[in-house]
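For reference, the structure is listed below as structure tokens.
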Amino acid sequence: MSILFNRKRWLWIIPYLFLGPWLIGILVFSAIPILSSLYLSFTNYNFVSSPDWIGLKNYITMFTSDPQYWQALKVTLIYVLVAVPLELAFALFLALLLNRGIRGLGFYRAVYYIPSLIGGSVAIAILWQQVFGDHGMVNQVLGLIGIDMPSWVGTPDYAIWSIIFLKVWQFGSPMVIFLAGLKQIPPDYYEASSLDGAGKWSQFFHITLPILSPIVLFNAIMQIISSFQAFTPAYIISNGTGGPVNSTLFYTLYLYQNGFGNFQMGYASAMAWALLIIIACFTGLIFLTTKKWVHYAD
């Protein structure tokens, strides 16, 4: 009896033994680096000397006397506000096409999802740089119809658009989610509305879009967060400079330049925490508007 009692006393340890490796991983690879970066954001640290506590100086410099910071934030905001709506609209358009009961749906869904898997890679960014170059495929096609364009990636007015098009091309992930949502809409809704004389556009705006609104919200939040964190395309296409004339100086690229180019790790950490706050505010504002346009099933 005493052996059975002692065994039960130690049974509570078993769940923690299984959770132990995961908890240690979270502590070592997440919690400690996060807290360390928060501490470094209040210091002057350059990899060589020990961190020197300077309080809020990094944040004050960032917001008051660093014009490059505001340029990077401006470029990133343009990218987010243009690329995300275009990507979601294109993803929803293709999801609507695939929802029309075409044959080989699984094949098309897999093919369209591939850009989401490889679109953020270095190889695709290099390919994109060539495609939108002075003698790239895009300019060659435009030349066939009499449109003479300069290098997209080498012209300040067009460079950001080459990266926006790359983001739109990565439509696969939101498209698959939209398609799953469309499959859940009962056909009876459309049949009943057709009997009442509703057309396709009326059905889309009064049935499809309201029912999909929670999915639109989810996709929008996920794509906004990933767009604020975009780094690889801007780094590869601009060769790490953010050019031409800082037209592709993304926030994360400028953060990288400060941290690993200028060895201002304290300043880069402050930028990272400022980005976290910007993303939180951005998503918070979206959630505040959800009562007006997001409709949940009762």
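Being within 19 Å of F204 (Cα to Cα), touching a residue at least 40 places away in the same chain (Cβ under 8 Å) and touching a helix residue (DSSP H, G or I) at 6+ places or on another chain (Cβ under 8 Å) holds for only one residue in L117, L73, L92, and it is L92. Summed over the range 120-160, the residues that are farther than 29 Å from M175 by Cβ, among the hydroxyl-bearing types (S, T, Y) and out of contact with any helix residue (DSSP H, G or I) (no Cβ under 9 Å at 6 or more places or on another chain) give a count of 1.
Looking for whichever is β-branched (V, I, T), surrounded by 17 or more Cβ atoms within 10 Å (Cβ to Cβ), within 30 Å of L179 (Cβ to Cβ) and within 16 Å of the chain's Cα centre (by Cα) here; the options are I211, I207, I224. Which one fits? Spell out how you get there, then give the answer.
Numbers: I211 fails: within 16 Å of the chain's Cα centre (by Cα); I207 fails: within 16 Å of the chain's Cα centre (by Cα).
Among I211, I207, I224, only I224 is β-branched (V, I, T), surrounded by 17 or more Cβ atoms within 10 Å (Cβ to Cβ), within 30 Å of L179 (Cβ to Cβ) and within 16 Å of the chain's Cα centre (by Cα).
Annotation for the range 169-184: at least one member residue is assigned by TED's automatic domain parsing to the domain that holds G242, closer than 22 Å to Y251 by Cα and either touching a residue at least 24 places away in the same chain (Cβ under 8 Å) or in contact with a helix residue (DSSP H, G or I) (Cβ under 6 Å, 6 or more places away or on another chain) (or both). Taking (1) closer than 30 Å to S116 by Cα; (2) among the hydrophobic types (A, V, I, L, M, F, W, C); (3) in a loop (DSSP other than H, G, I, E, B) in turn, F47 satisfies each apart from (1).
Looking for something assigned by TED's automatic domain parsing to the domain that holds A159 and under 15 Å from W273 (Cα atoms) - is there at least one such residue anywhere in the range 73-86?
Of all residues in the range 73-86, those assigned by TED's automatic domain parsing to the domain that holds A159 come to 73-86.
Then keep just the ones that are under 15 Å from W273 (Cα atoms); that gives 73.
Among the residues of the range 73-86, at least one is assigned by TED's automatic domain parsing to the domain that holds A159 and under 15 Å from W273 (Cα atoms), which makes the answer yes.
Figure legend. Inter-residue proximity from the range 132-155: first residues small (G, A, S), second residues loosely packed, with under 11 Cβ neighbours inside 10 Å, beta-carbon distance below 9 Å, spacing 6+ or different chains. Indicated pairs: S151/H135.
The values are calculated or read from the model by the stated rules, or taken from the named source; none is laboratory data. What you are looking at is a predicted structure, and each value in this text was computed from that prediction instead of being measured. Backbone-built Cβ (ideal geometry, glycine too); neighbour counts: all protein chains shown.
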